[in-house]
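A short worksheet on the structure shown next.
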Amino acid sequence: MAREITGFSNPLVKRVRSLREKKFRKAEGLFLAEGLRILTEAREEGVLPEMLFHAGSSHPLAVELIAAMEAAGGDVIETTPDILSKISGKDNPQAVVGVYRDRLTPLERLDRTKADIWIVAQSLRDPGNLGTILRTGDAVGAGGLILVDDCVDPFSVESVRASMGALFTQSITLARWDEFLAWLRQGPGQLIGTSLKATQDYQEPRYESPSFLLVGNEAQGLPESYEAQCDLLVKMPMRGKADSLNAAVACAVMAYELLNQRRRM
């Protein structure tokens, strides 16, 4: 049943607002997503929030979302734009805010055979890059994103916003490097890294399936010991003064090369 909250001091408002901080997201296993586009993408993937906050929006997508929540017996809360702003941390909040259960997939539950392309990111720091990589994964039909070592939180408000809904189409897995490598070597899978030290152009090899595309840290790239574990190291031509591409851009270029090779088969 729908209910109404208009007080800033309401305990639920305080609890939901706390999800903007990683320690509370981790403790509760919940995260925030805002905006009709992202929440509609989630609904189309069969995922509804545990709680839905709105400020009386009459937008058709909002009406459909509220109806779907009520039909599923979900928790729908009508509130004010000021409280939505307090929850989201934005001066001009979106029409809706959803509270979702985190979407982590344990490494041992990944089915590597369900997709030809997987993306692996190591020590990624920027939420914008993480969101863009999720969108790239969605675009090329990747199986998911495996985050190794100490990466930015994929469920931060900034990461979720940057993913533009791809968070709900891609599986997300957290693992240590040694855990990931041990899992990878238990079955088929070619580990592909990009490196300035590579001698092979990225369009020369015939990539195997499934391909695990390894993306390094934005500032340092991949550690040498990680490069040594790759089955294949390639590089992209740099014709200008820059010696490398942004991590998310390089990931997109490589991911589309993997996709295009399979399209030409």
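Ala175 passes every criterion in (1) open to solvent by less than 20 Å² (accessible area, probe 1.4 Å); (2) within 30 Å of Leu36 (Cα to Cα); (3) of a type in the set (A, V, I, L, M) apart from (2).
Cβ-Cβ distances below 9 Å connect the following pairs, each with a first residue in the range 111-122 that is within 14 Å of Ala139 (Cβ to Cβ) and assigned to a strand (DSSP E or B), a second residue that is basic (Lys, Arg) and modelled with pLDDT under 95, and a separation of six or more residues or different chains: Ile117/Arg262.
Only one of the listed residues (Pro188, Pro210) is in contact with a Pro (Cβ under 9 Å, 6 or more places away or on another chain), crowded, with 17+ Cβ neighbours inside 10 Å and in contact (Cβ under 8 Å) with a residue 60 or more places away in the chain. That residue is Pro210.
Only one of Phe8, Phe53 is more than 27 Å from Pro154 (Cα to Cα), of a type in the set (A, V, I, L, M, F, W, C) and outside the structural domain of Gly165 (by the TED database). Can you tell me which?
Of Phe8, Phe53, the one residue that is more than 27 Å from Pro154 (Cα to Cα), of a type in the set (A, V, I, L, M, F, W, C) and outside the structural domain of Gly165 (by the TED database) is Phe8.
Cβ-Cβ contacts under 8 Å between residues 6 or more apart (or on different chains), taken from a first residue in the range 41-56 that is without any contact (Cβ under 8 Å) to a residue 40 or more places away in the chain and more than 20 Å from Thr169 (Cβ to Cβ) to a second residue that is crowded, with 19+ Cβ neighbours inside 10 Å and basic (Lys, Arg), are absent. Hey, does the range 144-155 have a residue that's over 19 Å from Gly216 (Cα atoms) and surrounded by 20 or more Cβ atoms within 10 Å (Cβ to Cβ)? There is at least one residue in the range 144-155 that is over 19 Å from Gly216 (Cα atoms) and surrounded by 20 or more Cβ atoms within 10 Å (Cβ to Cβ).
If you check Leu52, Leu107, Leu19, Leu30 for being surrounded by 19 or more Cβ atoms within 10 Å (Cβ to Cβ), out of contact with any Lys or Arg (no Cβ under 7 Å at 6 or more places or on another chain) and modelled with pLDDT of 95 or more, only one passes: Leu52. Summed over the range 217-265, residues that are of a type in the set (Val, Ile, Thr) and either within 13 Å of Ser195 (Cα to Cα) or in a loop (DSSP other than H, G, I, E, B) (or both) total 1. Kindly establish whether Ser58 is open to solvent by 10 Å² or more (accessible area, probe 1.4 Å), in a helix (DSSP H, G or I) and modelled with pLDDT under 95. Criteria not met by Ser58.
The values are calculated or read from the model by the stated rules, or taken from the named source; none is laboratory data. Just so it is clear, the model here is predicted, and its values are computed rather than measured. Glycine gets a Cβ as well: all are built from the backbone with ideal geometry, and neighbour counts include every protein chain shown. Remember, those area values only see protein heavy atoms, side chains included, never the ligands or the DNA or RNA. Shrake-Rupley method; radii C 1.70, N 1.55, O 1.52, S 1.80 Å.
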